[in-house]
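Step one of this worksheet: look at the structure below.
Derivation of every value follows stated rules applied to the coordinates shown; laboratory data play no part. Since this is a predicted model, take the numbers as computed values, not measurements. Because the Cβ atoms are built from the backbone with ideal geometry, glycine has one as well, and the counts that use them run over all protein chains shown.
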Amino acid sequence: MTQSISEKVIAIIAEQAVLDVSDVTPDRTLDDLGIDSLGMVEAVFAIEEQFDITVPFNANEAGDRDFPLKDVAAVIEAVAQLIAAKAG
């Protein structure tokens with residue numbers, strides 16, 4: 001059985017936060033999970049590799065929201081949109 005986009009993104013975020021996947025829910029913010037800017041950059045790289053997509057993310061520009069980081073649900077939705085756009 002293949003994992004859904006949501007499950008894969010949650011697994012990546014859980015790995016970066018050094019948490020169990022059950023602790024990472026869509027309503028949790030990345031701050032709540034203890035993910036700092038370096039952790040987010042690493043998560044973005046892992047997401048890009050996992051889904052073969054390019055994430056428009058600039059860690060140096062906090063106001064840059066081409067890739068929303070409000071909460072886990074926003075990250076999942078952004079990844080799903082990038083995958084759909086790539087599929088055409």
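In this simple spin-label approximation, residue 7 and residue 50 carry label points 7 Å from Cα along the Cα→Cβ vector, and these lie 1.2 nm apart. If you average the sequence gap of Cα pairs under 8 Å that are 6 or more apart and divide by the length of the chain, what percent do you get for the contact order? Answer for the chain is 32 percent. Take the Cβ atoms of residue 23 and residue 74, set R0 to 22 Å, and the FRET efficiency comes out at 0.80.
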